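Notes follow once the structure below has been shown.
Throughout, read-outs are computed from the coordinates displayed, never taken from laboratory work. Quick caveat, the model's predicted, so the values are computed rather than measured. Cβ coordinates were reconstructed from backbone atoms using ideal geometry, including for glycine residues, and neighbour counts include every protein chain displayed.
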Amino acid sequence: MRVLVFGGTHGNECTGVTVVTQYAEALKKKFPKLDLHFIFANPEAHQLGKRFKDEDLNRAFQFLHEDRAQSYEHNRAKEIKKQIDEAPCFVIDLHTTTSNMGSTVIVTHYNPLNLDISAKLSTSLENCRVIGSPDPKRKYLGSQSDHGLMIEVGPVPNNLLEATCLKATLEILESILNHLSLHPLPSTGSIEIYEEVKDVYYPENEAGKITAYIHKDLQGQDFHPLKERFTAFESFKGESIDHDIQEELYPIFINEAAYYPQKLAFSLCRKVNRKY
Ligand SMILES: [Zn+2]
């Protein structure tokens, strides 16, 4: 099976960069049955120590039909898309997060192979959960092939290589490669999956400035169940700000550094069981 592993799609996420630049040869030797390719997705952004140079590469694929010749990431997305489309392949895109997400797998196309691998990862690896984030417009790099997964490991600060995060990323990657090596055809089963239902934004004033921060009781509580009313923020004036929900939901990407520009504080998921 042809497998494309991408790292450094976001230039300031060093873990993926390290995997594709330092571990490629060892992994090729370890999984000889696979036709493995390792691709450093956004080297210019990494050079700058930034998430991206001109636009977010992990959103650029939805604009491929537009004329954006000046954008480095637009041109990289074109090259990457061409590489993916050369022949059927499984795409793995390695990311990290500043949120306390542990080892997370994101599924964007619900097909038996993607769900089967995700189900096996979530039961065999410690602290590994699966997020469902359908991507019909194919904006993410990881969803350019029907078969593929995005990996998010955290918490780790941007531009930092940290042992726990690197080892957890290698553990998930090797588990996926092992599975593809041994079981290229999916079996049937069921999977516990966290499906995004709502984004929650920071409170802001009339000038559009953020007026609060994530409350200490919510900080780091990714994937911990929330019921009815919970304290989401503390304002800079010292007031607690509650948030109401109608059902049990699970927060993810709490206080992700990359989401401050859009003032996104966290997202809420519903936990469901899916058969495949
Ligand atoms: Zn990322």
| said: Let me check I've understood the local charge: for Cys269, count other residues with C-beta under 15 angstrom from its C-beta, Lys and Arg +1, Asp and Glu -1. What total comes out? | reply: -3
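If you put +1 on each Lys and Arg Cβ and -1 on each Asp and Glu Cβ, how big is the dipole of segment 195-275 around its Cα centre, in Debye rounded to 20? Each step should come with its number before you reach the end.
On the way: 11 positive and 15 negative charges, 51 e Å.
Its charge dipole is roughly 240 debye.
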| note | The local net charge around Gln219, scoring Lys/Arg +1 and Asp/Glu -1 for residues other than Gln219 whose Cβ lies under 14 Å from its Cβ, equals -3
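Could you rank the peptides 183-195, 204-216 by their average count of other C-beta atoms within 10 Å per residue, with the highest value first? Mind dumping the intermediate values first?
Working: 183-195: 15.0, 204-216: 12.4.
Per-residue Cβ counts within 10 Å, averaged per peptide and sorted highest first, yield 183-195, 204-216.
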| note | Sorted largest first, the C-alpha extents of segment 2-188 along its principal axes in whole angstrom are 44, 34, 31
| Mean Cβ count within 10 Å, highest first, over the residues of peptides 41-52, 154-165 | 41-52, 154-165
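To the nearest 20 debye, what charge dipole does the chain have about its Cα centre, counting +1 at the Cβ of each Lys and Arg and -1 at the Cβ of each Asp and Glu? Please list the in-between numbers first.
Values: 31 positive and 38 negative charges, 135 e Å.
Magnitude of the dipole: close to 640 debye.
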| field | Gap separating the Cα centres of segment 62-135 and segment 202-245, nearest whole Å | value | 29 Å
| request: Using packing as a proxy for protection, rank 113-119, 197-203, 172-178 so that the peptide with the highest average count of other Cβ atoms within 10 Å comes first. | output: 113-119, 172-178, 197-203
| ³J(HN,Hα), Karplus 6.51/-1.76/1.60, whole Hz, each residue of segment 33-47, x for Gly, Pro | 6, 9, 8, 8, 10, 10, 10, 7, 6, 9, x, 5, 5, 5, 4
| request: For segment 163-178, take each phi angle, set θ = phi - 60°, evaluate the Karplus expression 6.51 cos²θ - 1.76 cosθ + 1.60, and give the result in whole Hz per residue in order, putting x for glycine and proline. | output: 4, 4, 5, 5, 5, 5, 5, 5, 5, 5, 4, 5, 5, 5, 5, 4
| said: Tell me the net charge near Ala257. Cut-off is 15 Å between Cβ atoms, Ala257 excluded, with +1 for each Lys or Arg and -1 for each Asp or Glu. | reply: -3
| Once the dipole of the chain is set up with Lys and Arg at +1 and Asp and Glu at -1 on Cβ about the Cα centre, which of Phe236, Val105, Ile254 lies farthest towards its positive end? | Val105
